[in-house]
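What follows is a set of notes on a single structure, which appears directly below.
The values are calculated or read from the model by the stated rules, or taken from the named source; none is laboratory data. Note that the structure is a prediction, hence the values are computed from the model and not measured. Every residue, glycine as well, gets a Cβ built from its backbone with ideal geometry; the counts of neighbours run over all protein chains shown. The protein model used for the area step is the full one, side chains on, heavy atoms only, and it has no ligands, DNA or RNA in it. Shrake-Rupley method; radii C 1.70, N 1.55, O 1.52, S 1.80 Å.
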Amino acid sequence: MKEINPKQTSRAYAFEMWMQAPMPMVTFFKTLNVSRLVKISRSKGFKFNMLMCYCIARAASRVKEFYLLPVGEKLMQYDSIAVNTIVANSQGEVSSCDMPYCDDLQQFNADYLRLTQQVADSCQDYDLSQKSMVIGTSALAKYEIDGAVGMYSGVFNNPFMIWGRYKKCWFKTSLSVSFQFHHTQMDGAHAARFLEALQQ
């Protein structure tokens, strides 16, 4: 990652308007049709959470605003994207695991399985935030929720997605997600385009 001059980017106005805002985060809610993802998970033996993380990172990789992130008082530019998941560790607690995004699903799956197992066993977080723009996720897969608004600590400005248990109705399986982002990083149209790409 490298620091860039906000005035030389398309985010110049947003940087000026939102960097000092007491609450610069925006949250969108969307219901996704995940019928195909569930089918692939079952037929190929892939974990549903891994597939969600892959789709999130893939959709984000196509929106250029995801490669920028306000960090402290600076605007940073990244060359790569990673996605974070929370892992139940061997001590009965949770640890954080960042996975680098690559377009190859088989490779992403291999990295996901290897890194989440490493984090679960060691109880040590795996952090890529100095190398990649990380999209946070939290999957509450055992619980039905209609939405969740993430906490803004003023420390982490990363985009963040939360979802619960998917719901089946007739021939459709749906999943409600929330997507929180820093207004300096992107506008509503960018976030909406990301969510459309995620559905695709």
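Other residues with beta-carbon under 12 Å from the beta-carbon of Lys167 carry, at +1 per Lys or Arg and -1 per Asp or Glu, a net charge of +1. Separation of the alpha carbons by more than 31 angstrom is noted, of Lys131/Lys172; Lys30/Lys142; Lys39/Lys131; Lys7/Lys47; Lys44/Lys142; Lys44/Lys167, for Lys131/Lys172; Lys39/Lys131; Lys7/Lys47. Work out the charge dipole of the chain with +1 on the Cβ of Lys and Arg and -1 on the Cβ of Asp and Glu about the Cα centre, then indicate which of Ile56, Gly188, Gly45 is farthest towards its positive end. It is Gly45, whose Cα lies furthest towards the positive end. If you average the C-alpha positions of the stretch 50-91 and of the stretch 177-195 separately, how far apart do those two centres end up, in angstrom? About 13 Å separates the Cα centre of the stretch 50-91 from the one of the stretch 177-195. Estimated at the nearest 10 Å², the accessible area of Leu37 is 30 Å² with a 1.4 Å probe. Exposure check, 1.4 Å probe, all protein chains in place: Arg114 carries approximately 130 Å² of accessible surface. Taking 0.36 nm per residue of separation and subtracting the Cα-Cα distance, full extension of the segment from Val149 to Ala120 would add 7.8 nm. Per-residue 3J(HN,Hα) values for the stretch 140-147, derived from phi via the Karplus relation 6.51 cos²θ - 1.76 cosθ + 1.60 with θ = phi - 60°, read 9, 5, 8, 10, 8, 10, 8, x Hz in sequence order (x marks Gly and Pro). Looking at the chain, the accessible area is 55 square angstrom per residue; that uses a 1.4 Å probe and ignores ligands, DNA and RNA. For the options Ala59, Ala82, Ala12, a Gaussian network treatment of the chain with springs between C-alpha atoms closer than 10 Å singles out Ala12 as fluctuating the most.
Label-to-label distance, Lys131 versus Arg36, with points set 7 angstrom from Cα along the beta-carbon direction: 3.1 nm.
Report, as a whole number in µm² per second, the diffusion coefficient that Stokes-Einstein gives for the stretch 29-89 at 10 °C and 1.306 mPa s using the Kirkwood radius over alpha carbon pairs. This corresponds to a translational diffusion coefficient of 115 µm²/s.
Proximity of backbone amide H atoms, modeled 1.01 Å from N, is registered between Cys123 and Ser90 at under 5 Å, excluding neighbours fewer than 5 places apart on the same chain. Computed from Cα atoms alone, the Kirkwood hydrodynamic radius reported for the stretch 68-200 is 16.3 Å. Structure remark: mean-square fluctuation, Gaussian network model of the chain, C-alpha springs under 10 Å; the largest value among Ser90, Ser80, Ser178 belongs to Ser90.
Computed across the stretch 106-165, the Kirkwood radius stands at 13.7 Å (inverse of mean 1/r, all Cα pairs).
Taking Met19, Met151, Met186 in turn, the Gaussian network model of the chain (Cα-Cα springs below 10 Å) assigns the largest fluctuation to Met151. Here Ile162 sits with roughly 20 square angstrom of accessible surface, probe radius 1.4 Å. Of the accessible area of the stretch 1-147, with the probe set at 1.4 angstrom, what percent is carbon plus sulfur? C and S fraction of accessible area: 50 percent.
Once the Cβ-Cβ distance between Leu140 and Asp103 is put in as r, and R0 is 22 Å, what FRET efficiency do you end up with, to the nearest 0.05? So the FRET efficiency works out to roughly 0.20. Using just its DSSP H runs of length 4 or more, each adding -39500 (n - 2.57), the chain gives a mean residue ellipticity at 222 nm of -9500 deg cm²/dmol after division by all residues.
For an R0 of 30 angstrom, estimate the FRET efficiency from the Cβ-Cβ distance between Phe28 and Ile4 and round to the nearest 0.05. The computed FRET efficiency comes out at 0.70.
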